[in-house]
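To keep things clear, I will list the structure first and then write my remarks on it.
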Amino acid sequence: MPSIHLTTMIHAPVEVVFDLSRSIDLHKKSMSHTKEEAVAGTTMGLINLQETVTWKARHLGKTRVLKSKITSLKAPVSFTDEMIDGDFRSLRHEHYFKPVNNGTLMIDYMHYEMPYGFIGSLVDRFYLNKYLVRLLETRNSLLKKCAESEQWRKYLSTQPV
């Protein structure tokens, strides 16, 4: 099963980084190049435990739909979203947040399984894994920029977790 591991240093409080990571609105902005939109479930604000979101976006030359659910959430330490329906055989994205002296270490683990057997493995090896890494890096870059400025305020509600 392929995995991706990214670590991003963000100079902001762990609570801000945790909540920005759950922001549907910030996610949409970070994926605007794919015309990603939340079309069902939690479609704005912060997603919480047991809630779902269905994303519709253009990836790899095709409009794709992926429904995921927040299956665990421990504020402000971690949360996990898992695909319920979509093009992958399975997809699990674990998000971890570790406070450090000068901010927060944000750690992403994404585990996924491709359909289509050997052909799916080849597509993953030569293209998809790099594509997914770039998507996560794009998302994390905008999240970092927002968290390290005053922009984060417009993405977070005043509601506690």
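Read through the list (1) under 20 Å from Glu137 (Cα atoms); (2) buried (at least 19 other Cβ atoms within 10 Å of the Cβ); (3) touching a Leu at 6+ places or on another chain (Cβ under 9 Å), then give the number of the only condition that Leu73 fails.
Result: Leu73 fails condition (1) only.
Considering only the range 85-126, state which residues are in contact (Cβ under 8 Å) with a residue 60 or more places away in the chain and assigned to a helix (DSSP H, G or I).
Hit for the range 85-126 is Asp124, nothing else.
Restricting attention to the range 59-79, report how many residues are closer than 26 Å to Tyr127 by Cβ and either part of a strand (DSSP E or B) or not small (Gly, Ala, Ser) (or both). Talk me through it step by step, then tell me what you get.
Narrowing the range 59-79 to residues closer than 26 Å to Tyr127 by Cβ: 59-68.
Subsequent filtering for residues that are either part of a strand (DSSP E or B) or not small (Gly, Ala, Ser) (or both) retains 59-60, 62-68.
Counting residues in the range 59-79 that are closer than 26 Å to Tyr127 by Cβ and either part of a strand (DSSP E or B) or not small (Gly, Ala, Ser) (or both) gives 9.
Is one or more of the residues making up the range 108-118 touching a Lys or Arg at 6+ places or on another chain (Cβ under 7 Å), over 21 Å from Glu137 (Cα atoms) and not aliphatic (A, V, I, L, M)?
Within the range 108-118, one or more residues are touching a Lys or Arg at 6+ places or on another chain (Cβ under 7 Å), over 21 Å from Glu137 (Cα atoms) and not aliphatic (A, V, I, L, M).
Each row is one residue, and each column tells you yes or no for (1) in contact with a strand residue (DSSP E or B) (Cβ under 7 Å, 6 or more places away or on another chain); (2) modelled with pLDDT of 95 or more.
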residue: Met110; (1), (2): yes, yes
residue: Met114; (1), (2): no, no
residue: Phe118; (1), (2): no, no
residue: Asp124; (1), (2): no, no
residue: Leu128; (1), (2): no, no
residue: Thr138; (1), (2): no, yes
residue: Gln151; (1), (2): no, no
residue: Lys154; (1), (2): no, no
residue: Thr158; (1), (2): no, no
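When the residues of the range 127-155 are narrowed to those that are in contact (Cβ under 8 Å) with a residue 24 or more places away in the chain and touching a Lys or Arg at 6+ places or on another chain (Cβ under 9 Å), which ends up nearest to Lys35 (Cα to Cα)?
Per the criteria, the residue is Leu142.
Counting only residues that are surrounded by 15 or more Cβ atoms within 10 Å (Cβ to Cβ) and closer than 17 Å to Leu136 by Cα, how many does the range 47-63 have?
Residues that pass the stated criteria total 4.
Step by step: first the residues of the range 1-27, then only those that are at pLDDT 95 or above and in a loop (DSSP other than H, G, I, E, B), then the one that is surrounded by the most Cβ atoms within 10 Å (Cβ to Cβ). Which residue is that?
Filtering first and then ranking leaves Arg22.
Which pairs turn up if I take residues in the range 28-46 that are crowded, with 18+ Cβ neighbours inside 10 Å and look for partners that are small (Gly, Ala, Ser) and part of a loop (DSSP other than H, G, I, E, B) with beta carbon separation below 9 Å, at least 6 apart in sequence or on another chain?
Leu46/Ser157
The values are calculated or read from the model by the stated rules, or taken from the named source; none is laboratory data. Note that the structure is predicted; figures quoted are calculated from it, not measured. Positions of Cβ are backbone-derived with ideal geometry, glycine not excepted, and every protein chain shown enters the neighbour counts.
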